[in-house]
Amino acid sequence: MAQRLENKVALITGAAMGMGRQHALHMAREGAAVVVSDVADDAGREVVEEIGQSGGRAIYCHLDVVDEAQWGQVIDAGRQAFGRIDILVNNAGVLLFKAIQDTETVEWERVLDINLKGVFLGCKLILPAMREAGGGAIINVSSIYGLVGAPGAAAYQASKGAVRLLTKSTAVDYAPFGIRVNSVHPGVIDTPMTREVLADEQMQQQILQGTLLGRPAQPEEVARAVVFLASDEASYMTGSELVVDGGYTTV
Ligand SMILES: NC(=O)c1ccc[n+]([C@@H]2O[C@H](COP(=O)([O-])OP(=O)(O)OC[C@H]3O[C@@H](n4cnc5c(N)ncnc54)[C@H](O)[C@@H]3O)[C@@H](O)[C@H]2O)c1
């Protein structure tokens, strides 16, 4: 059976654990060469090892998404290793459960820096390389919290809502160059980010209230959607928001 990302090169941020790790493993399985990037270097290198052991191709690069110079170095390293970059998954993110009056300015800045400025820098710096290559696909990871309101997550919601429209703005400007830009909106996913919340029964009940399917998702259930958006199967999709939320935003 043909692999869906044959001959493609993907750069994924926050790929050492959680959903990013699954994006990397799934993309490699579908034939992509993968640039695994993260700030958690040991865990990131393990992902590269795992891909190698299954016969895939990957390199690891340290990348703090708020650091513009590092973005440049990682894109160069990816192009040097694999020739070009066709796919960027802006996945790295941090969660903060705090209402606006409890949010310190430094906390606000950290969440907005990683979740929004990181996406801005990734798009800005990859676009010239994609234009040169004649096209590409960018997937920006937002959230259900980028679509609807929820209690006590002011900075997180502001960052994820902004990612949704930054995606559409970039899609408009770069469609003429064959670059598709879409956002993904996961619901409650079982990853290191949510482990603490999901371990608390009361919190779990609260957070799963409204999820029609009544359970958190496994990260691979989102990875399959991300692979789809990255592949030519999504050739007519740009500026769209793919919701993977077990029905959370339906009612
Ligand atoms: N887990 C959920 O329920 C859920 C729901 C909706 C959206 N999301 C979003 O999905 C994405 C992945 O979430 P996850 O649950 O896998 O999180 P996670 O915490 O399990 O993993 C996040 C990864 O990002 C890395 N990271 C953190 N700061 C970074 C930085 N400055 N530069 C580079 N890497 C950095 C971490 O080291 C980690 O490997 C995030 O953008 C998150 O906001 C998560």
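A few points about this structure:
- Verdict on Glu46 being without any contact (Cβ under 8 Å) to a residue 40 or more places away in the chain, out of contact with any Cys (no Cβ under 6 Å at 6 or more places or on another chain) and either over 21 Å from Asn140 (Cα atoms) or surrounded by 17 or more Cβ atoms within 10 Å (Cβ to Cβ) (or both): yes
- Test result for Tyr248, in a loop (DSSP other than H, G, I, E, B) and surrounded by fewer than 19 Cβ atoms within 10 Å (Cβ to Cβ): no
- Taken over the range 167-210, the criterion of being β-branched (Val, Ile, Thr), in a loop (DSSP other than H, G, I, E, B) and touching a Ser or Thr at 6+ places or on another chain (Cβ under 9 Å) is satisfied by Val188 alone.
- For the range 87-115, residues that are under 21 Å from the mean Cα position of the chain (by Cα) and small (Gly, Ala, Ser) total 2.
- A residue that is surrounded by 22 or more Cβ atoms within 10 Å (Cβ to Cβ), assigned to a loop (DSSP other than H, G, I, E, B) and in contact with a Lys or Arg (Cβ under 7 Å, 6 or more places away or on another chain) can be found somewhere in the range 25-35.
- Of residues in the range 119-144 being buried (at least 21 other Cβ atoms within 10 Å of the Cβ) and of a type outside the set (A, V, I, L, M, F, W, C), the one nearest to Gly83 (Cα to Cα): Gly136
- Residue match in the range 227-235 (condition: more than 16 Å from Ile139 (Cα to Cα), touching a residue at least 40 places away in the same chain (Cβ under 8 Å) and not in a helix (DSSP H, G or I)): no
- None of Ile75, Ile126, Ile87 is in contact with a Lys or Arg (Cβ under 7 Å, 6 or more places away or on another chain) and touching a residue at least 60 places away in the same chain (Cβ under 8 Å) except Ile87.
- A residue that is more than 9 Å from the ligand (Cβ to nearest atom) and farther than 25 Å from Glu233 by Cα occurs nowhere in the range 171-191.
- Evaluated against (1) of a type in the set (A, V, I, L, M); (2) within 22 Å of Gly78 (Cα to Cα); (3) outside any helix (DSSP H, G or I), Leu213 falls short on exactly one condition, (2).
We did not get these values from a lab; they are worked out from the coordinates using the rules stated. All figures in this text were calculated on a predicted structure; none of them were measured in a lab. Heads up, the Cβs are rebuilt from the backbone with ideal geometry, glycines too, and the neighbour counts pull from every protein chain shown.
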